[in-house]
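Asker: Have a look at this one.
Where a number appears in this text, it was derived from the coordinates with a stated rule and is not lab data. Quantities reported herein were computed from a predicted structural model and do not represent experimental measurements. So basically every Cβ, Gly included, is an ideal-geometry build from the backbone, and we count neighbours across all protein chains shown.
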């Protein structure tokens with residue numbers, strides 16, 4: 001199964017944290033990181049009084065079921081030192097599952113496709129770089145069409161390649 005993840009952070013060395021999270025994902029049994037978008041500087045959503053975020057998207061190949069993948073990314077976040085904090089507050093690392101092929105999945109712990117990805121520029125801009133033609137199985141719209149909608153919030157600008 002091909003999936004797309006959104007990774008971001010704004011605490012500490014965000015670029016180093018993104019690199020570390022990508023490496024941990026690639027070392028996770030059942031997960032292979034195929035491609036990574038450029039890094040984007042993005043303004044915070046919700047709680048605006050905090051540093052800008054660095055966000056990127058990763059395309060993965062996985063044999064894990066959605067909840068298994070969720071558990072894997074939560075273990076990575078915890079191993080990196082992410083602590084519980086305020087919703088939409090500053091964070092060392094955040095890894096969200098955005099799409100998994102044409103899977104539609106909803107439990108109290110996880111919704112795939114991600115419940116709010118359609119309105120967030122910090123998810124859609126990097127995702128469009130990797131998968132502009134990927135189709136949201138709920139709306140039937142491509143990622144590129146979703147990114148162009150006027151209700152998409154947040155300002156983003158390209159930072160650079162994550163490895164530079």
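Asker: Sort 5-13, 67-75 by the packing proxy (mean of other Cβ within 10 Å over each peptide's residues), most packed first.
Answerer: 5-13, 67-75
Asker: Over the Cα atoms of segment 1-89, what is the Rg over Rh ratio if Rh follows Kirkwood? Intermediate values should be presented prior to the final figure.
Answerer: On the way: Rg = 13.2 Å, Rh = 13.7 Å.
Over the Cα atoms of segment 1-89, Rg/Rh equals 0.96.
Asker: Moving on. Set the Förster radius R0 to 41 Å, insert the Cβ-Cβ distance between residue 83 and residue 106 as r into 1/(1 + (r/R0)^6), and round the FRET efficiency to 0.05.
Answerer: 0.90
Asker: Mind jotting down the three principal axis lengths of segment 79-143 based on Cα atoms? Whole angstrom, largest first.
Answerer: Reported extents, whole Å, longest axis first: 35, 27, 21.
Asker: Beyond 27 Å, what share of the Cα-Cα pairs of the chain remains, rounded to the nearest whole percent?
Answerer: Tail of the P(r) past 27 Å holds 16 percent of the pairs.
Asker: Calculate for the chain the 222 nm mean residue ellipticity that helices alone would give, adding -39,500 (n - 2.57) per DSSP H run of length 4 or more and normalising by residue count, nearest 500 deg cm²/dmol.
Answerer: Here the helix-only value at 222 nm equals -8000 deg cm²/dmol.
Asker: Still on this model: Could you tell me the calculated FRET efficiency between residue 19 and residue 43, based on Cβ-Cβ distance and R0 = 35 angstrom, to the nearest 0.05?
Answerer: 0.95
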